[in-house]
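Undergrad: What follows is a structure written as structure tokens; I'll ask about it next.
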Amino acid sequence: MLKTLMTNNIIVSQSYDGSLIKERVLFIDRDNMDIYVINIDKDDNSLPVQRNLTLVLKDLKDGHVQIDEYDPYSRFICEEDIKVKDKQHRDKTWQYIEEAVSAENIPQIFYKKHRGPLGKFLQEKYGVNHVTFYSNLKKYWKRGQTKNALLPDSHKYGGRGVDKKLGDKKVGRRKEFPEESGIGVNITEEIYIIFLECFKNIHRDPKKKNLRLKYFYTIMINEHFKDKVTSGKVPSLRQFTYWYKKEFDIEESKRHRHGNGNYDRNHRPILGTSMQGVPGPGSYYQMDATPANFYIVSRFNRSWVLRKPWIYLVVDVFSRLIAGFYVGLENPSYIGVMMALASAASDKAKVCKEYNIELDESEWKAKGLPDAIIADKGELISKNAETLINAHQVRIENNPPGRADLKGIVERLFKKMDELISDLPGYEQKDSRSRGATDYRLDAELTLDEFTWYFIQAIRHHNKSYLPTYEKTLPMTKENVRPIPSEIWNWGVERTGAIRWQEVDKLKINLMPIGTAKVTRAGIKFNGLHYVCKRGEEEKWFHRAKEGEWKIKVSYDPRIVNEIYYRDKLWNTEVCSLLERDTEKFYNMSFTEVIDCQRRDKREAAREKKMQLKKDVDFLDMKLNRKKTSAARSKEEPKSTKNMNDRTAAEKAVNRLKESFVPSNHKSHERGANNIEFSEQAVFKVDVRQSSYLEKLQKHSQKIKRTGEYH
């Protein structure tokens with residue numbers, strides 16, 4: 001089956017000498033039937049080349065050219081793991097690269113006669129040289145056309161970011177006039193501590209948050225280096241500024257100095273554009289969630305009514321096609337967003353097959369990630385969304401709260417989906433809260449999977465429905481394109497390359513939340529559970545953990561604890577499986593359920609600990625009282641150690657008589673604690689010299705008979 005050629009695909013062909021040539025698809029110009037590719041070999045220094053789209057598609061069909069599913073530059077990049085210095089380098093480079101590859105410069109940027117003047121203009125504007133500009137431009141193209149493609153390869157080298165050991169000699173750039181200004185000083189540990197205290201003062205006093213750094217620098221010099229100003233042996237303003245930017249993230253600093261509201265309005269990065277001029281499918285997706293007006297039943301017992309499920313929709317603005325969805329019992333959270341986006345990027349035939357729905361791939365072709373997602377201030381305002389932005393080059397545009405009209409397309413589709421399923425059993429009508437209204441919960445008949453089956457059919461119905469209010473563009477009118485979402489999508493994809501192909505498995509892991517686990521002798525410990533991975537066993541992690549434990553980053557699905565994913569510094573992943581010690585109790589549970597179980601166990605342990613303390617106190621009190629009684633009796637009867645062996649033998653003889661096994665129906669041998677009598681015949685081994693001790697034993701036996709107590 002011929003695969004659809006998309007932007008960012010890697011196509012592989014064979015050269016004359018038999019070697020493989022791997023090229024990335026940068027842009028598809030379907031109007032002129034051209035395609036622009038670049039060789040991704042790290043040793044190749046060539047620029048993008050233009051090819052005939054028809055010939056490439058023919059070679060693809062004949063098998064001379066293949067699409068490689070593996071992208072060597074695709075990495076699992078967690079935003080919080082990127083060094084501040086690397087982020088700054090990436091963002092600075094992105095300023096001129098973003099302008100170079102903007103929509104108005106494509107496809108002209110691929111032509112030498114246009115690229116030369118544009119490159120020269122940007123080099124002068126941003127102060128970069130020719131070599132740096134073209135090196136970063138090719139790096140951007142080769143590594144997937146994402147912002148993170150511009151990150152330096154600092155993870156491949158050692159020594160970067162490591163503080164240098166300083167001596168007495170001044171390091172750094174030599175001053176132009178050292179005789180007048182002084183040679184300066186190195187930032188030692190003592191000066192660094194002074195810097196940190198001054199930095200804290202910047203963020204401590206809200207009245208001074210708008211003052212420049214030079215003001216705080218002057219205060220520091222006055223307090224700590226006043227007597228050294230004349231000699232010039234003081235830290236410079238540049239050093240002060242450098243360490244401030246190194247210790248404090250620029251966004252964190254600006255948010256403090258300007259306030260969150262002011263920063264979001266006037267100082268945040270502009271990640272999106274207006275809704276006007278949407279060029280085609282995949283340019284903008286609208287996304288939102290709502291509870292279904294529908295009650296369902298449990299798959300385990302249909303008499304158990306469950307609460308209403310939540311519905312997520314991902315809608316393409318240009319075509320009105322529903323590109324992704326999620327139906328589940330999870331409350332609105334990043335989990336729902338994760339599932340909906342994974343659905344949008346997946347092959348819909350595979351998604352439908354999970355619910356026993358046969359779907360031809362040509363019916364629902366939406367597969368990939370868009371340029372931008374429009375949502376409200378909710379699940380997509382998180383650190384998890386930063387990975388989506390920078391690792392997959394997806395812009396997030398969050399509307400202000402209370403402005404549902406800014407994403408009216410998806411809001412209207414919620415209403416339409418509601419109407420399409422309103423005749424199913426379990427649907428809650430508008431009169432549900434009225435006096436005497438029917439309890440629609442008792443009408444529920446469908447499980448979650450059955451309800452999802454109907455919901456998918458409703459989505460398919462919409463994607464093939466006529467849209468009477470859709471305003472077609474002039475080219476659509478000329479080509480007689482019907483206002484049907486699936487037809488608009490198919491027509492638009494042939495003319496624009498906005499939709500981006502993405503490996504679904506890598507996308508899912510990148511969308512997962514990030515947590516911190518600890519390597520211990522008992523395994524990889526995360527949220528109270530223990531895991532093991534093949535890499536950990538091969539590298540003897542759990543043997544080394546005896547000498548000292550350490551922390552690692554993991555990705556995890558909050559809904560199930562069976563597996564987590566270790567992420568190393570190179571963003572490679574390793575599956576970590578739950579150990580058997582936790583499998584029996586927690587397998588197939590969610591992390592929330594595990595935390596609840598652990599809290600119940602801790603509560604029970606606290607209660608039992610309190611009860612055990614009471615038992616320990618009672619036991620100790622009993623021992624002390626008994627000890628006092630024994631001590632008093634011991635004073636009345638002095639001890640004697642004479643004839644210890646003989647006395648022990650006599651005592652043993654009495655115990656044998658007392659402890660001997662006698663059948664219960666043998667009345668002539670019945671005995672108990674109250675009828676133990678001393679018998680000289682029974683103690684047949686006792687010597688005559690023991691007669692005085694035997695007399696005492698017989699008296700003791702008679703006492704037992706009177707009192708019924710045996711001591």
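Undergrad: Quick check: residue separation of LYS642 and LEU329 times 0.36 nm, minus the Cα distance between them. What number comes out in nm?
TA: 104.3 nm
Undergrad: Regarding the range 1-103, what are the three Cα extents along the principal axes, ordered largest first, in Å?
TA: Largest to smallest, the principal-axis extents are 48, 30, 28 Å.
Undergrad: Which distance in nm do the two modelled labels at ASN625 and HIS114 give, with both placed 7 Å along the Cα-to-Cβ direction?
TA: 10.0 nm
Undergrad: Let me ask another. Between rounded, prolate and oblate, where does the range 491-648 land on the alpha carbon gyration tensor, with a ≥ b ≥ c its root eigenvalues, rounded for a/c under 1.5, else prolate if a/b exceeds b/c? Intermediate values should be presented prior to the final figure.
TA: Details: a/c = 5.46, a/b = 3.08, b/c = 1.77.
Judged from the Cα gyration tensor, the range 491-648 comes out prolate (a/c at least 1.5, a/b above b/c).
Undergrad: Can you give me the long-range amide H partners of TYR427? Hydrogens built in the peptide plane at 1.01 Å from N, cutoff under 5 Å, separation of 5 or more residues or another chain.
TA: Result for TYR427 returns TYR295.
Undergrad: Inverting the mean 1/r over all pairs of different Cα atoms, compute the Kirkwood radius of the range 269-358 and quote it in Å. Could you put the intermediate results ahead of the total?
TA: Numbers: mean 1/r = 0.0664 Å⁻¹.
Kirkwood radius, the range 269-358: 15.1 Å.
Undergrad: Apply 1/(1 + (r/R0)^6) to the Cβ-Cβ distance of THR54 and LYS585, taking R0 = 56 Å, and write down the FRET efficiency to the nearest 0.05. Working shown, then result.
TA: Values: r = 61 Å, r/R0 = 1.09.
Efficiency, rounded to the nearest 0.05: 0.35.
Undergrad: Do any chymotrypsin sites (Phe, Trp or Tyr not before Pro) in the range 457-559 lie in a DSSP loop with no more than 15 other beta carbon atoms within 10 Å, and if so, which? Can you show the working numbers first?
TA: Details: sites: TYR466, TYR470, TRP489, TRP491, TRP501, PHE526, TYR531, TRP541, PHE542, TRP550, TYR556; in loops: TYR466, TYR470, TRP501.
For chymotrypsin sites (Phe, Trp or Tyr not before Pro) across the range 457-559 that sit outside H, G, I, E and B with at most 15 neighbouring Cβ atoms in 10 Å, the list reads TYR466, TYR470.
Undergrad: Classify the range 52-142: rounded, prolate or oblate, from the alpha-carbon gyration tensor (a ≥ b ≥ c, eigenvalue square roots; a/c under 1.5 rounded; otherwise prolate if a/b is larger than b/c)?
TA: Because a/c hits 1.5 or more and a/b fails to exceed b/c, the range 52-142 counts as oblate.
Undergrad: Separate question: For SER19 paired with SER660, estimate the spin-label separation in nm (one decimal), with each label point 7 Å from Cα along the Cα-to-Cβ line.
TA: Inter-label distance under the simple model: 10.3 nm.
Undergrad: Kindly provide the GluC sites (Glu not before Pro) of the range 39-113 that DSSP labels as loop, not H, G, I, E or B, and whose Cβ sees at most 11 other Cβ atoms within 10 Å.
TA: Listed in order of number, the matching sites are GLU69.
Undergrad: Another question, if that's okay. What list of ³J(HN,Hα) values in whole Hz, one per residue of the range 107-118 in order, does the Karplus curve 6.51 cos²θ - 1.76 cosθ + 1.60 (θ = phi - 60°) give from phi, with Gly and Pro shown as x?
TA: With the stated coefficients, the range 107-118 comes to x, 4, 4, 7, 8, 4, 5, 8, 5, x, x, 5 Hz.
Undergrad: Considering only DSSP states other than H, G, I, E and B, which GluC sites (Glu not before Pro) in the range 447-484 qualify as loop sites with at most 15 other Cβ atoms within 10 Å? Mind showing how you got there, number by number?
TA: Values: sites: GLU450, GLU471, GLU479; in loops: GLU471, GLU479.
Answer in residue order: GLU471, GLU479.
Undergrad: How high is the relative contact order of the range 1-72, given as a whole-number percent (alpha carbon pairs under 8 Å, six or more residues apart)? Provide the component values of the computation, followed by the final result.
TA: On the way: 114 pairs, mean separation 21.9, N = 72.
Value for the range 1-72: 30 percent.
Undergrad: What is the dipole size for the range 417-553, taken about its Cα centre, with +1 at each Lys and Arg Cβ and -1 at each Asp and Glu Cβ, in debye to the nearest 20? Walk me through the intermediate numbers first.
TA: Working: 23 positive and 21 negative charges, 213 e Å.
The dipole of the range 417-553 has a size of about 1020 debye.
Undergrad: I'd like the distance separating the alpha-carbon centroids of the range 44-90 and the range 482-547, in whole Å.
TA: Centre-to-centre (Cα) distance: 20 Å.
Undergrad: Ok, one more. So if we plug the beta-carbon distance of VAL481 and LYS83 into 1/(1 + (r/R0)^6) with R0 = 56 Å, what FRET efficiency do we get, rounded to 0.05? Mind dumping the intermediate values first?
TA: On the way: r = 49 Å, r/R0 = 0.87.
Efficiency for this residue pair is about 0.70.
Undergrad: Just grab the label-to-label distance for PHE248 and GLU450, each label 7 Å out from Cα along the Cβ direction, in nm (one decimal).
TA: 6.1 nm
Undergrad: Report the extension gain between VAL305 and SER231 in nm, rounded to one decimal, defined as 0.36 nm multiplied by the number of residues separating them, less their alpha carbon distance. Each step should come with its number before you reach the end.
TA: Working: separation 74, 0.36 × 74 = 26.64 nm, distance 8.20 nm.
Going from the current span to full extension adds 18.4 nm.
Undergrad: A further question follows. Return a whole-number percent for the relative contact order of the range 431-564, with Cα pairs under 8 Å and 6 or more residues apart as the contact set.
TA: On the way: 100 pairs, mean separation 22.2, N = 134.
Relative CO of the range 431-564 lands at 17 percent.
Undergrad: Follow-up. Leaving ligands, DNA and RNA out of it, work out the accessible area of ILE514 with a 1.4 Å probe and give it in Å² to the nearest 10.
TA: Roll a 1.4 Å probe over it and ILE514 shows about 40 Å².
The values are calculated or read from the model by the stated rules, or taken from the named source; none is laboratory data. What you see is a predicted model, and the numbers here were worked out from it, not measured in a lab. FYI the Cβ positions are ideal-geometry reconstructions off the backbone, even for glycines, and counts take in every protein chain you see. Heavy atoms of the whole protein, side chains included, go into the accessibility calculation; ligands, DNA and RNA do not. Shrake-Rupley method; radii C 1.70, N 1.55, O 1.52, S 1.80 Å.
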